[in-house]
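Peer 1: Handing you this structure, nothing more for now.
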Amino acid sequence: AGAVRAVVERRASLLAAGITAVTGSFHAGDPVDVVGPDGVRVGRGLVNFDSDELPGLLGRSSGDLARELGAAYEREVVHR
């Protein structure tokens, strides 16, 4: 719900910490829909990771990801 508010109200990009699930198959650079917990689409943006990379990133802070996996992981998952 906090990620939905950030995307809708603050018009922010979506970070891994705010994502609870990923569906479908896509590649970095593809446009993807962002949906809230209720299944309603709240935004659309370009994704920075392939779908098969994301499960291990979900719910984790960008800082933690950068420390563990490198600077390339300290970025938004979906760029608005």
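Peer 1: Could you list, in sequence order, the residues of segment 1-30 that are open to solvent by 40 Å² or more (accessible area, probe 1.4 Å) and among the polar types (S, T, N, Q)?
Peer 2: Answer for segment 1-30, where residues must be open to solvent by 40 Å² or more (accessible area, probe 1.4 Å) and among the polar types (S, T, N, Q): T20, T23, S25.
Peer 1: Go through (1) of a type in the set (V, I, T); (2) free of Cβ contacts under 8 Å to residues at least 60 places away in the same chain; (3) not in a strand (DSSP E or B) one by one and return the number of the condition V42 breaks.
Peer 2: Unmet condition: (3).
Peer 1: Search segment 41-80 for residues being open to solvent by 80 Å² or more (accessible area, probe 1.4 Å) and aliphatic (A, V, I, L, M), and hand back the single one that is nearest to D30 (Cα to Cα).
Peer 2: Applying the first criterion (open to solvent by 80 Å² or more (accessible area, probe 1.4 Å)) to segment 41-80 yields 41, 44, 46, 52, 55, 67-69, 71, 74-75, 79-80.
After this cut, where a residue has to be aliphatic (A, V, I, L, M) as well, the list is 46, 69, 71.
On the way: L46: 5, L69: 22, A71: 21 Å.
So the residue we want is L46.
Peer 1: Condition (residue is assigned to a helix (DSSP H, G or I), closer than 17 Å to G2 by Cα, modelled with pLDDT under 95 and not aliphatic (A, V, I, L, M)) applied to segment 46-65: is it met by at least one residue?
Peer 2: Looking for residues that are assigned to a helix (DSSP H, G or I), closer than 17 Å to G2 by Cα, modelled with pLDDT under 95 and not aliphatic (A, V, I, L, M), one finds at least one in segment 46-65, hence yes.
The values are calculated or read from the model by the stated rules, or taken from the named source; none is laboratory data. Keep in mind that what you see is a predicted model, and the values were worked out from it rather than measured. With ideal geometry, Cβ positions are generated from the backbone for all residues, glycine too; neighbour counts draw on all protein chains shown. In case anyone asks, the SASA skips ligands and DNA or RNA and just uses the protein heavy atoms, side chains included. Shrake-Rupley method; radii C 1.70, N 1.55, O 1.52, S 1.80 Å.
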